[in-house]
Structures are given as structure tokens and as C-alpha cells.
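Please treat every number below as a calculation from the coordinates, not as lab data. The model shown is predicted, which means the values in this text are computed figures rather than measured ones. We place every Cβ from the backbone using ideal geometry, glycine too, and count neighbours over all the protein chains shown.
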Amino acid sequence: MIKAKRAIIIAANILWLGITFYLLVKPDDGQPKRFDFPGSDKVAHVIIFAIMSSLINILIKHFSQLNLKVIYTISILAVTAFGAVMEIVQLQFFTRGCEFYDVVADFGGAALGCMLFPITYHTLRKLNRNFDNRGK
């Protein structure tokens, strides 16, 4: 069962990384979106990167004995660096622009993911216990 949990954690991180990459490089069709409002792009960045940060926190916590402060530092730095690199990739290789405030929103999302991590982790552990006890 432990190997299955590890595989799920790794797969979730890889899947979210792929989804995030796709969302950041897909061409913008220029059409107004259903939920388009001023700053909606930044809100999307915060949400996407908060989820990424939470998943990375779970990954690091599961595979290491590091304390939360170190885990949060690694997570925020890695997620923000990924966001910054993706902005450069968008500019160089795709028909998207490079915006400094997207990186700021990415950082904010990474920090938000860390702030919400204790709740997320507790909820996942509780769901896992319920799942494990279901068959008994």
C-alpha cells in the first residue's frame, strides 16, 4: 500500500506539472472568457501555483524528514522559479507574453499553498485513514 501511495503522490505532481505547462503555453485566442474580469489572469496564476505548491509540499513531506519551514522554503523557491522560467519560455517559444506580475502571482500562489498546507495535509490524512479502515 505504501508503494501505491508513493506512486499516487508522484503521479499527481507530474500530472499537475503537465497541466500547468499546457495552460501556460497554450495560445491565447483573444476571445473574452466566461469568467473574464480585470486581474482574472493573476487569480488563475495564484490558484494554479497554490495547488502546485501543496502537491510539492506533500511530496517532500512524504519522502523526507525535513521540518515544515524547510519544506515551505524549498516549495516556494521551486514553484516561483518554475513560474519565472515559464514566463521566459512563453516569450521565447510561444505566442505569449512575459509578465513580471505573473511571477509575483506565482509567488503568491506558492505562499498560499504553504499557508493552506496544514489543512490540506490533515484532510488528506483523514481521508486516507477512512479509506484504509473501510475494508475492516
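Residues in segment 1-12 that are of a type in the set (A, V, I, L, M) and surrounded by 13 or more Cβ atoms within 10 Å (Cβ to Cβ) were compared, and the one that is nearest to the chain's Cα centre (by Cα) is Ala12.
Scanning segment 121-135 finds one or more residues that are closer than 23 Å to Val46 by Cα and surrounded by 15 or more Cβ atoms within 10 Å (Cβ to Cβ). Taking the numbered list (1) under 15 Å from the mean Cα position of the chain (by Cα); (2) under 28 Å from Phe131 (Cβ atoms); (3) touching a residue at least 24 places away in the same chain (Cβ under 8 Å) in turn, Leu15 passes all entries but (3). Restricting attention to segment 69-82, the residues that are of a type in the set (S, T, N, Q) and either surrounded by 15 or more Cβ atoms within 10 Å (Cβ to Cβ) or in contact with an Asp or Glu (Cβ under 9 Å, 6 or more places away or on another chain) (or both) add up to 2.
The residue that is surrounded by the most Cβ atoms within 10 Å (Cβ to Cβ), counting only those in segment 83-105 that are more than 19 Å from the chain's Cα centre (by Cα) and part of a helix (DSSP H, G or I), is Leu91.
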